[in-house]
Amino acid sequence: MAEQILIKNGKAVLPHSILEADILIGEDGKIAKIARNIRAANAEEVNAAGLLILPGAIDSHVHFRDPEDISKEDFYTGSTSALAGGVTTVMDMPNYRNPPTTTIAAYEQKRQIASSKSRCDFLLRFGASETNHAEAIASNAPSLKVFLTDTHSELCCSKESAVLHFKLFPHQRPICVHAEDWERITERQKKFKRHEQIRDKISAFLASKFSLEAAAKFSRRIHLCHLTTEAEIRLCRRYKNATYEVTPSHLFLSTADLERLGKMGKINPPLRDKKEVAKLWRCIGKDTIIATDHAPHLVEHKESGAPGFPGVGTMLPLLLNAAKEKKLSYTQISLMCAHNPSLAFGLQSKGAIEVGKDADLVLVDKDKKWKITAENRFSKCNWTPFEGKEVYGKIVSVFLRGKLVYDGEEVLARAGDGKEVACKF
């Protein structure tokens, strides 16, 4: 069993305050004590003077592509990028390629793969199809993903099928929805050529409204993925049992970046204009979850029209830089990237610097400037829309369940060190 670790002289970032305190990590990998001037004779000491200590980030929306298309990413490389970015727990989504995670066999296959490859902790989501309502229930998955748009696979649902999933899937477990109205999108494909015109803001709003109203009829938990507009967030806030996420892509990029990114800038839902991005920033708040929708594609796939950005390795760096620029606070980062997702998805052992929780900790030099590159983000897809961006807030080290897994340069965790996280609602 590992020895105790004592992190001295740091500033612990809680959801609503920053506390100058030492943190003692027990032999079981959990936080044993938080106080000033802790003494522990047999503990290994880590000097965190001048550093912020954040809870390990939870990215509740990643696509690690395993086993569907591992040329783009797999659990080993995706979890490597996660740890280098201060993300200690990920929630993997079903992918479009065959075999999608819409059967118990495929779900169990992915669990085995993740258990053998992942370097960070993880959960898996089951995928909803037009007809797999009974199998989704039997899977005992902690959450279900419903796509209301065409994915060129069986991983999509008509509105009628989605309503049946809302009715039958256990109501205490969240259903996560990709909310874009496929009927409107299909009609707009006949009139428009630009991606952001075809998948417009109204398409997103209509599908979000449909999903929230349908879920409310059954008093069930629902989570809206990657909202891009103020209108959707304000709508979501009117419904009980509803949570939502916003991605760094939609906060830090806009349609103005499409000239620079070209075909690399395609994403679903699309980037919005600068005015909508500004409204999105003003609208996020204490109920917001930040998640990446990490969707890696190789450059040749992007040039052929594949939608999606890598993001698990850049989420926390971008937000730390935004805190340095006073766009949000460090406590808000703790709230939106750890506390809120842990509550929404039943991760009772995660999400906060608190006695009894897993010692998932990220030590940050908030004043250190560095440059984001694809190379230092470790994703197999080997590109990022933020290539060359200089940011403040260098991750000095990352601990997962009390074990040092990233030292600021190299990921130290091994394949299989990541564990599946238990959920309790």
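Quick look at the values:
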{"read-out": "Hz values of 3J(HN,Hα) by residue in the stretch 93-104 - Karplus curve (6.51, -1.76, 1.60), Gly and Pro given as x", "value": "8, x, 10, 7, 6, 6, x, x, 7, 10, 10, 5"}
{"read-out": "Residue with peak Gaussian network fluctuation, the chain [Cα springs, cutoff 10 Å], from Lys117, Lys286, Lys191", "value": "Lys191"}
{"read-out": "Dipole magnitude (debye, nearest 20) for the stretch 1-160, charges at Cβ of Lys, Arg, Asp, Glu", "value": "440"}
{"read-out": "Among Ala322, Ala35, Ala374: highest mean-square fluctuation, GNM of the chain, C-alpha pairs under 10 Å", "value": "Ala35"}
{"read-out": "The stretch 292-386 - charge dipole about Cα centre, Lys and Arg +1 at Cβ, Asp and Glu -1, debye rounded to 20", "value": "280"}
{"read-out": "Phe122 long-range amide H proximity, modeled H, under 5 Å", "value": "Val90, Lys419, Glu420, Val421"}
{"read-out": "5 angstrom amide H check on Lys30, placed H, neighbours 5+ away", "value": "Ala359"}
{"read-out": "Label selected from (1) 30.2, 100; (2) 21.2, 63; (3) 20.5, 72, the criterion being Rg and Dmax of the Cα atoms in Å as computed here", "value": "(3)"}
{"read-out": "Normalised contact order of the stretch 54-344, rounded percent, pairs of Cα under 8 Å and 6 or more residues apart", "value": "18"}
{"read-out": "Reach of Lys302 by Cα under 22 Å, taken over lysines that are not fewer than 8 positions away in the same chain", "value": "Lys72, Lys193, Lys263, Lys266, Lys380, Lys389"}
{"read-out": "Cβ crowding within 10 Å averaged over residues, with 38-49, 232-243 ranked highest first", "value": "232-243, 38-49"}
{"read-out": "Residue order, fewest to most surrounding Cβ atoms within 10 angstrom, among Asp407, Asp200", "value": "Asp407, Asp200"}
{"read-out": "Shape of the stretch 257-302, Cα gyration tensor, a/c cut at 1.5", "value": "oblate"}
{"read-out": "Debye-sum result for the stretch 164-206 in log10 I(q)/I(0), which assumes one identical scatterer on each alpha carbon, at q = 0.27, 0.30, 0.34 Å⁻¹", "value": "-0.87, -0.99, -1.15"}
{"read-out": "Whole-Hz ³J(HN,Hα) from phi, Karplus 6.51 cos²θ - 1.76 cosθ + 1.60, for the stretch 71-77, glycine and proline x", "value": "5, 8, 5, 9, 5, 5, 6"}
{"read-out": "C-alpha long axis of helix 315-324 to longest principal axis of the chain, angle in °", "value": "70"}
{"read-out": "Placed amide H near Leu271: partners under 5 Å, 5+ positions off or other chain", "value": "none"}
{"read-out": "Using θ = phi - 60° and Karplus 6.51 cos²θ - 1.76 cosθ + 1.60, couplings along the stretch 22-36 (whole Hz; Gly, Pro as x)", "value": "8, 10, 9, 9, x, 5, 8, x, 10, 6, 9, 7, 10, 6, 7"}
{"read-out": "Ranked Phe345, Phe425, criterion: other C-beta atoms within 10 Å, fewest first", "value": "Phe425, Phe345"}
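None of the figures in this text is laboratory data; all of them are computed from the coordinates on show. Being a predicted model, the structure only gives us computed values, none of them experimental. No Cβ is skipped: glycine too gets one built from the backbone with ideal geometry, and neighbour counts run over all protein chains shown.
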